[in-house]
Every structure is written in C-alpha cells, then in structure tokens.
1. Inside segment 340-354, can you point out the residues that are among the β-branched types (Val, Ile, Thr) and either outside any helix (DSSP H, G or I) or surrounded by fewer than 24 Cβ atoms within 10 Å (Cβ to Cβ) (or both)?
2. Mind telling me which of the residues Gly127, Gly89, Gly114, Gly123 ends up being in contact with a strand residue (DSSP E or B) (Cβ under 8 Å, 6 or more places away or on another chain), surrounded by fewer than 24 Cβ atoms within 10 Å (Cβ to Cβ) and either outside the structural domain of Arg67 (by TED's automatic domain parsing) or among the small types (Gly, Ala, Ser) (or both)?
3. Would it be correct to say that Ile502 is more than 30 Å from Leu359 (Cβ to Cβ) and part of a strand (DSSP E or B)?
4. Need pairs with beta-carbon distance below 9 Å; first residue more than 15 Å from Met421 (Cβ to Cβ) and free of Cβ contacts under 8 Å to residues at least 60 places away in the same chain and within segment 450-478, second aromatic (Phe, Trp, Tyr) and surrounded by 13 or more Cβ atoms within 10 Å (Cβ to Cβ); sequence gap 6+ or separate chains.
5. Mind telling me which of the residues Leu296, Leu288, Leu326 ends up being surrounded by 17 or more Cβ atoms within 10 Å (Cβ to Cβ) and modelled with pLDDT under 95?
6. Output the strands (runs of 3 or more DSSP E) that fall wholly within segment 102-169 and possess 1 or more residues being among the basic types (Lys, Arg), at pLDDT 95 or above and touching an Asp or Glu at 6+ places or on another chain (Cβ under 8 Å), or say none.
7. Condition first: part of a loop (DSSP other than H, G, I, E, B) and touching a Pro at 6+ places or on another chain (Cβ under 9 Å). Now tell me which residues in segment 288-321 satisfy that.
8. Please work out if Ser192 is in a loop (DSSP other than H, G, I, E, B) and within 43 Å of the chain's Cα centre (by Cα).
Amino acid sequence: MKKIIETVKNENDRMSTQALMQEIWDGIEEGCNDFEINACGQHDIGGSVWSKNGEDLNFYVTNPGQRVGSMGAKGTNIYVHGCAPADTGWLNSGAKIVVNGDSGDTTAHCAASGKIYIAGNVGTRSGALMKKDPKFQAPELWVLKSTGSFSFEFMGGGIAVVCGVGCENSPSVLGDRACVGMVGGVVFFRGSIKDISDDVFVLDLDEKDVEFLSSGLKDFLSEIDKVKYYKQLTDFSQWHKIVAKTYEERQKQNNISLKSFRTNIWMDEIGGSIFSDLISDDFVACDLVQTGESRLRVPKWKNYAYSAPCEYNCPIKIPTQKRFSLLRAGKIKEALNLVLDYSPFPASVCGQVCPNLCLNNCSRVKVDEPMDVKMLGSLSKDIKMPKVEITHKEKIAIIGAGVGGISTAWQLALNGYEVEMFEQDEKIGGKLSQVIPEERLSREILDTELERVKNLGIKIHTSTKVTKELFNDIEKEFNAVVLAIGAHGAVVIPFEGYEHLIKGLNFLKETKKGKKYNLGEKVVVIGAGNAAMDVITEAYKQGAKEVTAIDIKEPSAFDKEIEYAKGLGAKIMWPCSTQSITKEGVYLKDGRFLPADSVIISVGDRPVYDFLNKKYLDEKSKIKINEFMQTDENSKVFAIGDALKAGLFTNAIADGKHCAENIMKYLQGEELTPVKDKKLIPQNRIKSEYYECYHQKCDNEENRCMSCGYCRDCGLCMQSCPQNAITRNEVNGKYEYVSDENKCIGCGICAGLCPCGIWELEDNI
C-alpha cells in the first residue's frame, strides 16, 4: 500500500518535521510500505523506521532536509529525486539510500552498515568516521563524481568508491587532506589526488578489488540510472585504492616527541615557558598518551574472580562453565568427574529433578537458548569413584541419609574421614527415594548414584531410628555429629473436619512403596507447591479422574511442574481459603463448595526433633546454630538442610558440602568460615558478538557456552592491544594473560572486546 504525503498545503502552511514523522508512523501502522513524500526541507526522512510485517519500506523523496536516511535501518530504501543537503546517511545502520544528484557535507558520516549511492558530488568530510561492526555488513559509499576536502578522516571501516566522472582535470577527486587519521576500511578512487595523509598507503588494485568493483559498479550505476558509464569506469588502469597503515607502520615515521618539541622548538620560539614570569619550568613533559603510573586506568586480568550466572544461581556453586571449558579442551573424563567434587547426585538432581536455576539465568538466553546442563549432569551418572582410604582418626556421625546427609558424608569420605550414617528408613536417599514419582526421577538413575555412594566406604545403618538414648551415645562416641534429619513431619492445618484429610507426605511415601489408595474419582489437593504437583501426579496414577489443587496465594511450584500437572488434566485455583472439610468435599470461605471423594493436604513439612534435648532448640522449636552451622549447645554438633529451613535438593547438597568443609576445619583446629558468594559477573561484560560470529551454527554445547568470567584463551585481547602490551604466560600447564605497564596506555580495548568479561579496568589511584 502506498501513501502520498504533501508537506506544503499552501505557501503559508508547511508541515513540521515532527508532524511528517508522525504521518509516516501512522502510515506504517496502517500497513503502508511505500511512501511518496513531496518534502520542503524536513529533516531525518526515512531514518529509524521499520515495518510491522518485516517487509521493506520504500521512500520516494523530493526536496529533503538534512540527515535524510539518518540511522536508517535494514530493509529501508530511500530514493531522493535531485540533490540532498548535509548529513545524508548519517549513522546509517543498514538502509539503502540513492541520491540522484549531489549530496552535501558529511555524507555517510559515522555510517555503520547499508549502502549509499550518490549520482554527483559529496561535500566536505564525507565518509568521516565510517566504521564496520563485525556483526553486520560493512557500510558502502559510492560517489559518481568527487568528494570535498577532509573526506574519510578517521575512517575505521567500510568501503568507499569515488568514480571521478567528469573530474578528469581536477587536481584531486578527494579534495584536500583526505584520509587523515584513517585506521581501517578501504577507499577506491579513479583520478588524481593530492595532499594525501601520511596515515595511509596508496596502492594498485588486485584481482579481488577488480572483481568487487566490476560487480558493484553494475548495481551502483543501475540505481542512479547511469549505466552508460560502465565501460568507461571498468578501465581499471585508472583506479587505485587507499588503505590505512598499521599502528606499527605509523610508528616508523620520524615523529618528534612532545618533550623534544617543547624543549627544542616551543621554548626557542616563544623565548621561555608561557608561565616563566610566575614559576620556573622543570622541563617535565607529559605525553598525550601515558603509560605506567601516569595511566588513568589499569587493566586487570581477573580470571574466575566473578561467578558466571549459572554458577552464581546454583546453590551448590557447580562451575558449569569450567566443565564446558574442559570439554572444549578434549578433557571429557575430567569434565564429567568435576561435578562429583560438588555433588554425589549429578544425574538424579541436576539431570532430573532440579528446576535448573542455572539454565534459567544462562547468558546464552540473550542469544538463543540456554545451555543443556541437564544433559551434562546425566552424562556423569556412570562415573566410577576410586576406593577411598581412611587417613584421619576422627569419626563423624550423620543422622539422616537423605540428600543433605549423603552430601556431607560424600565430601568427608572423599577427604579420608570415617563416616557413619543413621537412617530410620529402610533405604537411603531421603525424599529422592521416598516421594519423587518415577515420572520425575528414573529409579535406575537414582539407584546407580546411591550405589556409588555406598561403594565409597561409608558405614550406613538403615532402619535405625535415633532415640534420645542413641543420640547421647553418638555425641559421646563421635568427634563430630551432623543433624541431617530433613523434614518428615507433614504439616496439617486444623480446619474444621481436618480428620478427613490425607497427609500429602505420607501419601507419597506409601504409594512409592506400593500401597493402593481408594481415592475415588474427584480429589482436591490443598496446596500448590512442588510437592503438591507430585501428589497430583500420584493421585492420577491411583485412579483419580478429576484433581483440583487450591491455594491461598499464587502457586509456588515451578512452571514446569505446574505445566506437567495441567497436562494430566489438573485444575489449579487461587486464591482459595479453606473453611472446612467434610466427607463430601471442601467448603471455601467465599461460599464456594468443591465436591471431593478425597482431600489431600500438601502445604509443607516440618522436621521432627523428638530425640533432641530442648537445649538445642530456640523458643520457636528450631535448632539454634551459628553462621558455621554449629549448634549453640554443642560445637561438635552441626545441622543442615531441611532440619533448619525448607529448600531445594540443591540447597541440601550445598549445605552438606559447606558443613563438611567446616567439620574438617573444626577437627583440624582451623578457623571456620561462613558461606560467602563470589560476585556475579555483570551481564554487560559478556560480549555475544564473538559467539554469534564464530559459534552460532555449532552444535556442540561446549562451543555454545559463553564462558562467563572464565578465560576462553581466545587471544583476542593480545591480538587487539594497540601497544602490544599483553602477553600470554604459561607455567606448569596453567596460563595467564599479563599486561606490561610500561607499554599499556589504559585504553581499555582489552576489556571492551573480551567475550568472557575477564579484563577489568580499575582507576589508577
């Protein structure tokens, strides 16, 4: 659909630029893709616009003002009938701009992508600061005739083509002082030039240049309706190109130092310092670019000083980016073994039941999709552990062989300590074994990992309920004791008729052991947390036809658990406040009635402390501990996991690991340490461009990993340092990147381009 915009209704009624922009946006909203604009000097026509449907936008413009096509987006095509004033294609980001006449000063200024075709001359400083972003196609400026002075100054990238048509007698088709400060890109020109900058080389064309120009000229001349010049312009004997000298090549010039200039020229010319009448001159000169102590900023290589989002959000602090780094290096065994330093359950927890907070916060999400950490955890299932020898005389008792208790025992056993576990259930594994449905956790996977725990040499007493008497004996016999009892007391709210309730925890435990419940067809579950979702799953397996979960607040279960329950047919209602329960169903406080053959409550579980002396508990009947997980009552008794506070399996594993570390310090007489997280690496320090350019089509997860905060050893910092100040040092298989303060100028390029965010700039105080 085409829209025609007249910007002058009569000689006294000219549309403002703002009003014209609004007209264009309104047209786009209406579905217009073609615009014919009879302008009267309005600015910014065709810039920063894009279609709703992703189709190209076409602008046919007469008499535009400044900045036509400024910040033009990819998919925008602008055709100017006649000339255009200054700043055509300023900051062009992908648009095609065709001017069938001359274009004013600073044409293509700061252009970053797109193509600009000019059928005449361009003014002063055209092509200045053109640049190339590796993420996009390089910008191009094609000029049929010539440029004004100071063209292409400080050019950093892109391609310019100046054809010199009709300028055969001109002393310079690039004006005066072209290409000053040019550091990148290429300028093709036909004709004579003069007064060219010392920052560049003027070279003959090679075969690739001829091939590029032959093809590009066809498109250019076709767009400006000047195909007749093609034969003339393809006589490449008249063409040359300009490229920037490298930093090293520019250094070979005999540049005078600032100190020499000041001492030998300035002082002679003016007869002394400009402040000589006030102070004596010490003849110390500060160069414009400083090294050493005079730098404003200092780069620091901070490898692994920050946590990656995956590691930071994992309660266990598993360095997933390090595992992928090992895989990239071909060290598969080391990568799969690494996780066992942190958790005995990489396949069961990380690979199956964990909500994977690491995935949800993965930096890769901003590029495409998170890393497959679940797969990585599952691959460690069959890793065999070497036989561990007991090297310490101290003995540790752990009460409870759930996830937290096993995690503690695992760490202590790996470090050569004798460990005994006391578990009241006939199986170890806690709620992993007792309540998690097969749909969420494969029995085979769990059994494999529990067998690995048993083979570590830990003494395990199952079907052993710890009484007050037994606990007193354990306190006396063992050098340290861990309370890892979990939370196995189902919470029941005393609603009217609560005696009709089935306890969710008991329900899950008993059905897991094979008990069959006669629930009837309609079941109401009070609670909508993760455990309640497991109850829903099991209720359907027990024959229920209709299951409804209710809660007083928004469900706390993870999204994937809710979606699974809904996929079975479950309804989830909130807010719902229960009034009473009868044999017929549930009455809510708002008057609603939910018919039910069975009502199951699953609103949480609490630990059972019946074997503990009350001195261990506070006024709220919770175990009193310090920041090191030691109980206040007895420094050799520690407590972890759900015995203290309800949490995820990963929280229990993390508690176990940290508790084990403090127990070992306690037994060796060392200072204990509280849990302390590393800082999360700022997301803006991770540069996705590197991965998009080099690894976007790679199927290997290890190559997709953005290695946040962990050096990828890509060498980009070393290759890009303008001072060659960075070197890579390697000792005993370990490497580091070092910046030489005598060469470094603190420019920050290393920190700016490091894809992993390793380099950090600090103020030089």
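1. Result: Val353, single match.
2. None of the other options fit; the residue is Gly123.
3. So Ile502 fits the description; yes.
4. Note: pairs meeting the criteria are Glu469/Phe611.
5. It is Leu326.
6. 113-118
7. If the condition is that a residue be part of a loop (DSSP other than H, G, I, E, B) and touching a Pro at 6+ places or on another chain (Cβ under 9 Å), then Tyr304, Tyr306, Ala308, Ile318 are the ones that fit.
8. Judged against the criteria, Ser192 is not a match.
The values are calculated or read from the model by the stated rules, or taken from the named source; none is laboratory data. Being a predicted model, the structure only gives us computed values, none of them experimental. For neighbour counting, all protein chains shown are included, and Cβ atoms are generated from backbone atoms with ideal geometry for every residue, glycine included.
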